[in-house]
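The values are calculated or read from the model by the stated rules, or taken from the named source; none is laboratory data. Values in this document were obtained by computation on a predicted structure and should not be read as measured data. Ideal geometry is used to build each Cβ from the backbone, glycine not excepted, and the neighbour counts take in all protein chains shown. Calculation scope for accessible area: heavy atoms of the full protein, side chains included, ligands and nucleic acids excluded. Shrake-Rupley method; radii C 1.70, N 1.55, O 1.52, S 1.80 Å.
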Amino acid sequence: MSRRRSRRASKEGGVTIEGGRDKVEGSRIKVEGDDVPARLGPRDVLKVGGAGLRARPLRVFLSALGIAIGIAAMIGVVGISTSSRAQLQDMLDKLGTNLLTVGPGNDFFGDAAKLPKESDGMIARIPDVLSASATGKIDNTKVYRNDHIDEGESGGISVQAARLGLPSTIGLKLAAGNWLNEGTSRYPAVVLGSAAAERLGVGSPNQQVWLGAKWFTVVGILSPNQLAPELDSAALVGWEAAQTHLGFDGHPTNIYTRVEKKSIETVGGLLAQTANPESPNEIKVARPSDALAAEQATDKAFTGLLLGLGGVALLVGGVGIANTMVISVLERRAEIGLRRSLGATRGQIRLQFLTESQLLAALGGVGGVALGIVVTAIYALSQGWPTVVPTWAMAGGIAATLLIGGIAGLYPAIRAARLAPTEALATP
């Protein structure tokens with residue numbers, strides 16, 4: 001075959017391609033009489049899609065920022081909520097979920113009932129009960145910083161008698177000083193809850209407070225306790241000292257019972273009858289960890305609300321991407337016309353702009369996930385919590401941005417693909 005015959009020329013869209021050897025991206029080349037479409041590989045698609053983003057960095061940043069804010073809000077809410085639950089679970093693991101409390105209810109006439117004096121001792125003899133201890137509220141007794149304060153300014157601090165085994169049963173920790181012992185429980189000595197000490201202005205032991213018209217020496221200050229928050233605002237004195245110096249009647253108000261985990265339900269059903277065999281209906285049994293679980297459920301509802309707000313922010317970011325892509329199509333009509341003239345198919349034009357919107361959304365999604373992790377870590381560390389961001393939340397955030405990017409870029413991509421080459425090239 002002669003050299004002249006081997007050099008064939010074909011014209012497609014006004015561009016001459018000789019010999020079938022020269023390659024024009026996005027064109028159709030006639031080789032040996034066959035119509036072969038040039039294909040865009042994955043790498044070419046990414047390069048073409050990313051070119052539009054690199055040309056307008058400020059607009060890309062602002063559009064991605066809208067997506068990033070929505071994703072960061074959602075990741076932050078999920079992360080903070082998960083970190084809070086991890087802290088709660090860690091605390092419950094340390095304090096235990098096997099603590100039950102027994103308290104008086106109301107009698108047949110609706111009046112406040114009383115627990116028998118020996119009820120805590122009877123409960124301690126139930127099989128599978130590890131320990132039982134009690135407190136008893138001392139009515140008409142107040143505590144003040146000194147004897148010059150008006151009696152009406154009690155600060156909401158209750159005065160209670162306490163058994164010596166209370167710390168080991170509940171898991172109380174002392175911030176300062178010591179707990180009551182066999183000696184101090186008989187004399188005017190008091191242990192203050194964390195809130196009570198703060199209200200009284202007592203920061204260390206060996207100070208005196210005016211309690212029940214008598215000076216009591218502070219021997220210890222408790223750390224806050226989540227399972228027995230009522231003790232945080234209490235002044236605790238020994239059982240014998242309360243009876244001797246404060247006129248305490250000896251009836252327990254709350255009995256804290258630590259049981260074997262496998263027997264919680266069984267022992268819980270026996271507590272009322274054991275504490276008051278004559279009137280078990282006047283006894284209330286509760287599990288403090290259930291109250292914490294209920295609080296956690298409330299937090300979940302609040303988390304759902306915040307996730308909804310994050311979703312709205314994400315939707316707004318998607319609208320921003322759609323707006324950016326529509327403007328990009330209008331500004332790049334000449335480019336689209338040139339590519340169509342070179343032989344690019346409508347599908348390739350659609351793919352180009354869809355890829356561009358997906359890259360834009362992915363950029364915002366990755367930035368949002370990173371920002372959400374940082375926000376979660378800062379807040380968790382400030383609260384002393386472990387930082388926990390679920391993997392599903394991060395993966396879901398990226399997936400949501402890709403979905404939003406695909407939806408937001410679909411219309412602009414279709415609009416760009418429908419432009420006729422002559423119409424696009426005629427655009428000034």
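Of all the residues in the stretch 153-207, those that are in contact (Cβ under 8 Å) with a residue 40 or more places away in the chain and open to solvent by 60 Å² or more (accessible area, probe 1.4 Å) number 9. Scanning the stretch 372-418 for residues that are within 16 Å of the chain's Cα centre (by Cα), in a helix (DSSP H, G or I) and surrounded by 19 or more Cβ atoms within 10 Å (Cβ to Cβ) yields G372, T376, A380, A393, M394, G397.
Is there any pair linking a residue in the stretch 389-412 that is farther than 15 Å from A73 by Cβ to one that is of a type in the set (F, W, Y), with Cβ under 7 Å and at least six apart or on different chains, and which? Listed by first residue and then by second, the contacts come to G409/F353; P412/F353. Taking (1) at pLDDT 75 or above; (2) out of contact with any Gly (no Cβ under 7 Å at 6 or more places or on another chain) in turn, E295 satisfies each apart from (1).
Restricting attention to the stretch 208-229 and to residues that are under 20 Å from L164 (Cα atoms) and without any contact (Cβ under 8 Å) to a residue 40 or more places away in the chain, the residue that is most open to solvent (accessible area, probe 1.4 Å) turns out to be P224. Taken over the stretch 233-247, the residue count meeting the criterion of being assigned to a helix (DSSP H, G or I), surrounded by fewer than 20 Cβ atoms within 10 Å (Cβ to Cβ) and touching a residue at least 60 places away in the same chain (Cβ under 8 Å) is 1.
Looking only at residues of the stretch 71-107 that are among the β-branched types (V, I, T) and under 30 Å from E278 (Cα atoms), we find that the one that is modelled with the lowest pLDDT is T97.
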